[in-house]
Amino acid sequence: MAKTALITGITGQDGAYLAQLLLSNGYDVHGLVRRSSTADVNTARLKWLGIEDDVHLVDGNLRDLSGLIRTVREVKPDEVYNLAAQSFVKSSWQQPILTGEVTALGVTNILEALRLEHPEARFYQASSSEMYGLIQEPEQSEATPFYPRSPYAVAKLYGHWITVNYRESFGMHASSGILFNHESPLRGIEFVTRKVTDGVARIKTGLASELRLGNIDAKRDWGHSKDYVRAMWLMLQQDTPEDYVIATGRTTTVRDMCAIAFAHAGLDMDDHLVIDPELFRPAEVDVLLGNPAKAREKLGWQAEISLEEMIREMVDADLERYASRSGRG
């Protein structure tokens, strides 16, 4: 029989790619969607992948335990992937309480709904490399101490440890993926990689003349969302639930990532890039570099799409978007 999966955050970048992967593996896919007046906009990623009509969308909210219990009772999922969050680091300083309610306590709500209604389901929690924050080791592994540097990272750390707690306290098959930065053409415009590729496309098409960024010397370990959702799925196929760092093992500055994007569009970065002090974070995470050895050994996983390939794909997708809006595509 086909497995049934429930994805919270299905309309986001990872949720859409994960839904596509699960559908290709014969799953019956259900997605929890927060009710919004911009429903058409929210399903744009599913439309972009051509799978909107293949998934079952269910109204729900991580802050509503009763609704989550009802959803779990009706769907009876074999696997649950919790990808929903207030996921933009910058906004977490402006909305720290909301971030805590959704990104932290929301994890407890979905775990509690599963414990009460369907404890045999396998659970995946989307943890984040932002939890490492002020790094305590040059390379971050599953054993590296955490030092979160934003309300978002603090909330993610709660979600991570409550997942461990439910696994150890109630014997649930609950795993966390400590995912380092992962991007794609489906990434939200507020994230730096997409801000860069969209900005480059706007400059190339004559819609803008500059790209304003903050700290371009910050270093990140960037991979492709398609690779990373494959790791999520692999975690829930294991006999024993565990936590895994998912990363490429390569770190790159924002400056160098920008250079790749501008060069691909045939532009000189120095002619268009502007450093704006207003865009610096209150507390910066300077370097993130993941050690994916455990995932490679136990899951047989490794990143397959390079940073250069990913950035070129993102620039091309943004150029195509602007061409189609102007009637040239």
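Throughout, read-outs are computed from the coordinates displayed, never taken from laboratory work. This one's a predicted model, so the numbers in the text were calculated from it and none came from an experiment. FYI the Cβ positions are ideal-geometry reconstructions off the backbone, even for glycines, and counts take in every protein chain you see.
So here's what we get for this one:
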| read-out | value |
| --- | --- |
| Under 27 Å from residue 3, Cα to Cα: lysines that are on another chain or at least 8 residues apart | 47, 76, 226, 294, 298 |
| For segment 11-150, average projected area of the Cα convex hull in nm² | 9.9 nm² |
| Evaluated over segment 202-250, the Cα radius of gyration and Dmax, each in Å | 17.9, 54 |
| Packing rank of 214-226, 268-280, where each peptide gets the mean count of other beta carbons within 10 Å, highest leading | 214-226, 268-280 |
| Over segment 165-288, relative contact order from alpha-carbon pairs under 8 Å, at least 6 apart, % | 36 percent |
| Value at 222 nm in deg cm²/dmol, rounded to 500, when DSSP H runs of n ≥ 4 in the chain each add -39,500 (n - 2.57) | -11500 deg cm²/dmol |
| Two-decimal Rg to Rh for segment 288-329 - Kirkwood Rh, Cα set | 1.30 |
| For segment 141-196 and segment 43-120, distance of Cα centres in Å | 14 Å |
| Chain lengthening between residue 74 and residue 116 when straightened (0.36 nm per residue, less Cα-Cα) | 13.8 nm |
| Built amide H within the under 5 Å cut-off of residue 212, gap 5+ | 274 |
| Cα shape, segment 246-321, gyration tensor, a/c 1.5 rule | oblate |
| Relative contact order, percent, segment 179-236 [alpha-carbon distance under 8 Å, six or more residues apart] | 47 percent |
| Equivalent ellipsoid semi-axes, segment 69-165, via Cα gyration tensor eigenvalues times 5, rooted, Å | 26, 16, 9 |
| 47, 3 arranged by Cβ crowding within 10 Å, fewest neighbours leading | 47, 3 |
| Whole-number D in µm² s⁻¹ for the chain, Kirkwood Cα-pair radius fed into Stokes-Einstein, 4 °C, 1.567 mPa s | 64 µm²/s |
| Partner aspartates and glutamates for residue 204 [C-alpha distance under 15 Å; skip if fewer than 8 residues away on the same chain] | 268, 270, 271, 316, 318, 320 |
| Protection proxy ranking, peptides 11-21, 115-125, average beta carbon neighbours within 10 Å, highest first | 11-21, 115-125 |
| Cα-projected label distance for residue 306 with residue 48, points at 7 Å along beta-carbon direction, nm | 2.4 nm |
| For the chain: relative contact order, % (alpha-carbon pairs under 8 angstrom, 6 or more apart) | 17 percent |
| Ranked list, fewest to most other Cβ atoms within 10 Å of each Cβ, for 209, 129 | 209, 129 |
| Sites residue 98 and residue 276 - FRET efficiency at Förster radius 25 Å, r taken between beta-carbons, to 0.05 | 0.45 |
| Calculated over segment 149-199: convex hull of Cα atoms, volume per residue (Å³) | 97 Å³ |
| Rg [Å, one decimal], Dmax [Å, integer] - segment 151-299, C-alpha atoms | 18.3, 58 |
